[in-house]
Number of protein chains: 2
Amino acid sequence: MTSADTTARLIAALRFDAAGLVPCIAQQHDSGEVLMMAWMNAEAVAETLASGRVCYFSRSRGGLWRKGESSGQVQRLVELRIDCDGDTLLALVDQTGVACHTGRRNCFFRAVRDDAVQEIAAPLVDPRALYGA
Amino acid sequence: MTSADTTARLIAALRFDAAGLVPCIAQQHDSGEVLMMAWMNAEAVAETLASGRVCYFSRSRGGLWRKGESSGQVQRLVELRIDCDGDTLLALVDQTGVACHTGRRNCFFRAVRDDAVQEIAAPLVDPRALYGA
């Protein structure tokens, strides 16, 4: 577990934006797949380190977003990293199920390929099964 | 190469923030290593697709930042992806040398480990060799 002292040291090293947020990239720890990017405030960082489950800050809802709280698709924290200038986090996680609310494993399922914007991954589960109809 | 039409379609699918920027994650295409995160405006996206070399927008300098223009540590674009809600890009790249201005391969060289914020990677090259003394 991470002590309050270490959490405070990490938060002190972060450069939050004007809204008090930093982007956090979630990467599957073993495969290296980039799953998603979302935002954290200091409280979300602290809760993530204390609980071992990734907690973001939802800009649309204006509050803490405990990833998987509705869908069950939680992210267990494996390691939290911070970049050279302290304005981006990288969370190595173990993703339960799918990271994307569309039912895809990761959110980056559109790519520029063969001179077109293409969908390159299909949903693995029906979003209605995750969130209810 | 990417046509102007496809570039326009990708840019139309992006949701830029109030400053006209979207975050772009750079990932080494073969190893899966997350190298860095930086920002792009529409012009940087267009130049990246046209040139095949990753071009960001430098918030500190307020202009286009052709990655590697000073250091030689360029990023060849392998594929550009966009996330589900269009507010984050993922660039699969082939990184020449090191991505981080500190001389490390990637920018995420500090981690919370053993209840401390630790440096987990050493510089591979002296930054003075990249940028001059």
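A few points about this structure:
- Nearest-to-axis residue of chain A, judged by beta-carbon position, where the axis maps A onto B, in Å: A:32, 1
- Both radii come from the Cα set of region B:24-88: Rg as radius of gyration, Rh as Kirkwood radius; their ratio Rg/Rh reads 0.94.
- A loss of 50 Å² or more of accessible area (1.4 Å probe, protein heavy atoms, ligands and nucleic acids excluded) relative to the isolated chain is seen in these residues of region B:87-133: B:108, B:110, B:112, B:115, B:117.
- Euclidean distance between Cα centres, region A:88-133 to region A:25-56, Å: 16 Å
- Here chain A exposes an accessible surface that is 49 percent carbon and sulfur, computed with a 1.4 Å probe and the other protein chains kept in place.
- Cα-only radius of gyration and Dmax that characterise region A:16-133, units Å: 14.7, 45
- With label points defined 7 Å past Cα in the direction of Cβ, position residue B:9 shows copy-to-copy spacings of 5.0 nm, given to one decimal and shortest first.
- If R0 equals 41 Å, the separation of the Cβ atoms of residue A:126 and residue B:125 corresponds to a calculated FRET efficiency of about 0.25.
- Under the criterion of Cα pairs below 8 Å and six or more residues apart, the relative contact order for region A:71-118 equals 28 percent.
- Here the label points at residue B:5 and residue A:101, each 7 Å from Cα along the C-beta direction, are separated by 3.3 nm in the simple model.
- Ellipticity estimate at 222 nm from DSSP helix runs (n ≥ 4, -39,500 (n - 2.57)) divided over chain B, nearest 500: -5000 deg cm²/dmol
- Entry note, chain A: relative contact order of 21 percent, from Cα contacts under 8 Å with a spacing of 6+ residues.
- Mean Cβ count within 10 Å, highest first, over the residues of peptides B:69-81, A:56-68, A:11-23: B:69-81, A:56-68, A:11-23
- Over region A:1-52, the reciprocal of the mean inverse Cα-Cα separation, the Kirkwood hydrodynamic radius, stands at 12.0 Å.
- Placing a label point 7 Å from Cα along the Cα-to-Cβ axis, residue A:78 is separated from the same position in the other copies by 1.8 nm, shortest listed first.
- Once B binds A, the 1.4 Å probe can no longer reach about 3300 Å² of accessible area, counting both sides.
- Under 11 Å, Cβ to Cβ, from residue B:90 - net charge with Lys/Arg +1 and Asp/Glu -1: -1
- Rg(Cα)/(2.2 N^0.38 Å) for the protein assembly as shown, N = residue count: 0.98
- Taking the square roots of five times each eigenvalue of the Cα gyration tensor of region B:68-129, the equivalent ellipsoid has semi-axes of 24, 20, 8 Å, listed largest first.
The values are calculated or read from the model by the stated rules, or taken from the named source; none is laboratory data. Since the model is a prediction, treat every value here as computed from it, not as a measurement. A quick note on method: Cβ atoms are made from the backbone with ideal geometry, for glycine too, and the neighbour counts reach across all protein chains shown. The accessibility values were calculated without ligands, DNA or RNA, using every heavy atom of the protein model including side chains. Shrake-Rupley method; radii C 1.70, N 1.55, O 1.52, S 1.80 Å.
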